[in-house]
Every structure is written in C-alpha cells, then in structure tokens.
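Below: one structure, written as structure tokens.
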Amino acid sequence: KDSIDLFRSTYSKYFEWQMDQATTAKQTLLVRTPCGKLRRLPADNTYGNSMNHPVQGGAAECMLHSLVYLEKALRTEGLEARLSNTVHDELLVEAPQHEANHVKKLVEECMTEGFLSLFPNGTTRGLVDAHVGKNWADAKP
C-alpha cells in the first residue's frame, strides 16, 4: 500500500488520468488508443483494461509510425539497409558495415519521430537506445 501511495503521489497527473480512464470505461464499456482504436470491454473487467489498452496500444501505434518513417528514410536515402524484424519495442535492421552508423542514427531519429507524432509534448531524453553489432545478440547492450 505504501508503494502504491508513493507512486500515486509522485505521478499524480498519471494517477488522475488512470482514474478518468476507469470512470469513462465503466460508463461506456469502451476504451481507445491515442490514434482512436476502440476496444469494447466486458462490464466485469473495465478497471485494468481501461488503463492498459491505451498505454500498450499507444506504444504499438508509436512503433507503427516509426516503421513508416524508417522505411521512407531508408528508401529516400537509397540505402542498402533493410528492416528485417520487429520484436515488441525493438527494430532489427540489417545493413552493410559502411552504412551501419548512419542507419543507427536514422533508427534513433525515426523512432523518436514516431513517438512525437502521437505525443508531441513527450519527453524524449533516453527514449531510444540503438546499437550496432554483427548480429542481434552483439547489438544488445
């Protein structure tokens, strides 16, 4: 209880948003992502879903926007690099060694742009952490 109380007092605006979400969901049995995707909720399980769906859905929408920006940047610059996989909040881009650092910078920029396209006033410090390696395991810190 003490940890929950501390969290709620530290992040009071977030807690206020959570309570607004819960109230609206209980009344409407609907919840929406930042881009507007609606989800119907069961009447007996609105509380957690009303907060989780917008957060998880918003994260997915940020990633989708980031993918569009990255694909466009790679094509526009005529790079050989290609997106090969996405796993939750990670992108795996295969690129020739001579493009690797430039592509890393593009990934960071496009992922940040994807986030800001949904949350224009969001904080981006430490938001994206990109790495270069010979394979996915080597690129992970």
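The values are calculated or read from the model by the stated rules, or taken from the named source; none is laboratory data. As the structure is a prediction and not an experimental result, all values here were calculated from the model. Ideal geometry is used to build each Cβ from the backbone, glycine not excepted, and the neighbour counts take in all protein chains shown. Note: accessible area is taken over every heavy atom of the protein model, side chains too, but ligands, DNA and RNA are not part of it. Shrake-Rupley method; radii C 1.70, N 1.55, O 1.52, S 1.80 Å.
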Inset, instruction - Those residues that are in contact with a helix residue (DSSP H, G or I) (Cβ under 6 Å, 6 or more places away or on another chain) and aromatic (Phe, Trp, Tyr), I need them from the range 113-129; list them, please. - result: PHE115
Legend entry - Qualifying residue in the range 127-137 (condition: under 16 Å from TYR69 (Cβ atoms), β-branched (Val, Ile, Thr) and assigned to a helix (DSSP H, G or I)): no
Inset, instruction - Could you grab me the full set of residues in the range 39-68 that are under 20 Å from PHE115 (Cβ atoms) and in contact with a Leu (Cβ under 9 Å, 6 or more places away or on another chain)? - result: HIS53, GLY58, GLU61, CYS62, MET63, HIS65, SER66, LEU67
Legend entry - Test: GLU109 is part of a helix (DSSP H, G or I), modelled with pLDDT of 95 or more and within 17 Å of the chain's Cα centre (by Cα): yes
Legend entry - Sole exception among (1) part of a helix (DSSP H, G or I); (2) open to solvent by less than 60 Å² (accessible area, probe 1.4 Å) for LYS104, by number: (2)
Inset, instruction - Looking at (1) closer than 14 Å to LEU127 by Cβ; (2) surrounded by 15 or more Cβ atoms within 10 Å (Cβ to Cβ); (3) of a type in the set (D, E, K, R), find the lone condition where GLU99 falls short. - result: (1)
Inset, instruction - Report, by residue number, each residue of the range 119-135 that is under 12 Å from LEU92 (Cβ atoms) and touching an Asp or Glu at 6+ places or on another chain (Cβ under 8 Å). - result: ALA130
